[in-house]
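Taking it in order: structure first as structure tokens, then the write-up.
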Amino acid sequence: MAQTQILHVDPYQPDPDTIAVAAAAIAGGQLVAFPTETVYGLGANAFDPAAVERIFTAKQRPWTDPLIVHLATVSHLDRVVQDMPAALIGLAERFWPGPLTLVLCRGRSVAPNVSAGRNTVAVRVPAHPVAHALLVACDLPIAAPSANLFSRPSPTTAQHVLDDLDGRVEVILDGGTATIGLESTVVDLTQTPPVLLRPGGVPAELLLDLLPDLRVPADPMVGAEGEATASPGMLLKHYAPHAAVVLLRGNALSARALALTILNLLHNAGRRVGLLVPDEEFSLYVGLHAEVVGMGPSTDLLAVARYLFARLRELDSLGVDVILAREVAAGGLGTAIRDRLFRAAEGKILDADAPVDLGNWLTPLLK
């Protein structure tokens, strides 16, 4: 195993000498975890297939799940893509640097395993000063998925990275907490019309201003197991804590009544339960047989997004076996939050406002 070196950097004015150490590691084929405005990324030289392979190995990530290539500036696009569709310019001018990833035709210099062997490549220009400084210093495109073990909640702090990847990565640049907390939005520009593959930090409503024909799926897109997906984050199980997660849909009082039934059944079977609820519903669950964690006010989706993965990790640390998580409203960042919780729950949703048969769902948890 590698010896993991943690380097602390000011998130706004990173020290050039510290950045130079991380840049040399990237150039030397090593792995560097670094903060972006979305989550922490696990980076390697996108031109070096052996270095890219080390990302998959370190994360225990399936080879069919592609990576995102990060660039210092829009002017570096020609290093990694073959052509640039007309829509690209307007999107880049408005949203880069920032949490938007575009799927384009892969350039020959990009390692094929970055894209799971597909002829496309996902590209973005991050806005975080540390990520930008690292990209400028190494003068290389950096392939980087989230810096966590595969299918776990994404890391929004350096400690999360260390918890998952200590000894698997050479350098961690600790630049504090990620500001957005959810991954980038992914749009495939190689399809006509373009398709939203993953909701994220740029809401679809803003993209429609420039891409009026953008296809926005009503439900989360789920890639087939064993097949190369067009974007990261499309598998059914993703962003998941160790505890089993189930989403509770419905109004607050109906959800509480259903949760109470489930809590009693699980408690009697010796299972520990966690609840992830909006702050305004917190008082409804006080005194029950559960660890209750607030996700933030439902009226402040920026706060919910920023701390969502940290809250899932917190519930894991409390030793719960099952997490009942309340859904948030769709629209804006809410769509991305719903997507992450849907995948953390592997699609398991209970609607408290409709008849519910708990038998099929509860049986595996009671064994």
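The values are calculated or read from the model by the stated rules, or taken from the named source; none is laboratory data. What you are looking at is a predicted structure, and each value in this text was computed from that prediction instead of being measured. Cβ coordinates were reconstructed from backbone atoms using ideal geometry, including for glycine residues, and neighbour counts include every protein chain displayed.
Overview of results
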{"quantity": "Answer from 247, 196, 214, 189 - the residue that is within 22 Å of residue 301 (Cβ to Cβ) and over 20 Å from the mean Cα position of the chain (by Cα)", "calculated": "214"}
{"quantity": "Any hit, the stretch 47-54, residues being buried (at least 19 other Cβ atoms within 10 Å of the Cβ), in the same structural domain as residue 171 (by TED's automatic domain parsing) and within 20 Å of residue 186 (Cα to Cα)", "calculated": "no"}
{"quantity": "Some residue of the stretch 94-117 being under 22 Å from residue 185 (Cα atoms) and modelled with pLDDT under 95", "calculated": "yes"}
{"quantity": "From the options 353, 357, residue that is outside the structural domain of residue 197 (by TED's automatic domain parsing), loosely packed, with under 13 Cβ neighbours inside 10 Å and in contact with a helix residue (DSSP H, G or I) (Cβ under 7 Å, 6 or more places away or on another chain)", "calculated": "353"}
{"quantity": "Residue match in the stretch 324-334 (condition: without any contact (Cβ under 8 Å) to a residue 40 or more places away in the chain, surrounded by 13 or more Cβ atoms within 10 Å (Cβ to Cβ) and either in the same structural domain as residue 39 (by TED's automatic domain parsing) or not in a loop (DSSP other than H, G, I, E, B) (or both))", "calculated": "yes"}
{"quantity": "Restricting the stretch 180-207 to residues that are at pLDDT 95 or above and among the hydroxyl-bearing types (Ser, Thr, Tyr), the residue that is surrounded by the most Cβ atoms within 10 Å (Cβ to Cβ)", "calculated": "184"}
{"quantity": "Any hit, the stretch 22-44, residues being under 24 Å from residue 305 (Cα atoms), at pLDDT 95 or above, surrounded by fewer than 23 Cβ atoms within 10 Å (Cβ to Cβ) and not aromatic (Phe, Trp, Tyr)", "calculated": "yes"}
{"quantity": "So residue 218, is it surrounded by fewer than 19 Cβ atoms within 10 Å (Cβ to Cβ), part of a loop (DSSP other than H, G, I, E, B) and outside the structural domain of residue 347 (by TED's automatic domain parsing)", "calculated": "yes"}
{"quantity": "Candidate set from the stretch 278-306 (those that are in contact with a Leu (Cβ under 7 Å, 6 or more places away or on another chain) and assigned to a helix (DSSP H, G or I)); member that is surrounded by the fewest Cβ atoms within 10 Å (Cβ to Cβ)", "calculated": "302"}
{"quantity": "Criterion violated by residue 237 - all others in (1) farther than 29 Å from residue 22 by Cα; (2) crowded, with 24+ Cβ neighbours inside 10 Å; (3) touching a Ser or Thr at 6+ places or on another chain (Cβ under 6 Å); (4) of a type outside the set (Asp, Glu) satisfied", "calculated": "(2)"}
{"quantity": "Unique residue being in contact with a Cys (Cβ under 7 Å, 6 or more places away or on another chain) and of a type in the set (Val, Ile, Thr) when the list is 190, 179", "calculated": "190"}
{"quantity": "Test set (1) at positive phi; (2) modelled with pLDDT of 95 or more - residue 175 fails condition number", "calculated": "(1)"}
{"quantity": "Verdict on residue 337 being part of a strand (DSSP E or B) and under 30 Å from residue 202 (Cα atoms)", "calculated": "no"}
{"quantity": "Residue check, residue 47 within 30 Å of residue 210 (Cα to Cα), over 17 Å from the mean Cα position of the chain (by Cα) and modelled with pLDDT of 95 or more", "calculated": "no"}
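One line per residue, one yes/no per condition, for (1) without any contact (Cβ under 8 Å) to a residue 24 or more places away in the chain; (2) over 24 Å from residue 104 (Cα atoms):
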| site | (1), (2) |
| --- | --- |
| 165 | no, yes |
| 170 | no, yes |
| 175 | no, yes |
| 178 | no, yes |
| 188 | no, no |
| 193 | yes, no |
| 198 | no, no |
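The rows are residues; the columns are (1) out of contact with any strand residue (DSSP E or B) (no Cβ under 8 Å at 6 or more places or on another chain); (2) assigned to a loop (DSSP other than H, G, I, E, B); (3) of a type in the set (A, V, I, L, M, F, W, C).
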| site | (1), (2), (3) |
| --- | --- |
| 140 | no, yes, yes |
| 149 | yes, yes, yes |
| 163 | yes, no, no |
| 173 | no, no, yes |
| 179 | yes, yes, no |
| 186 | no, no, yes |
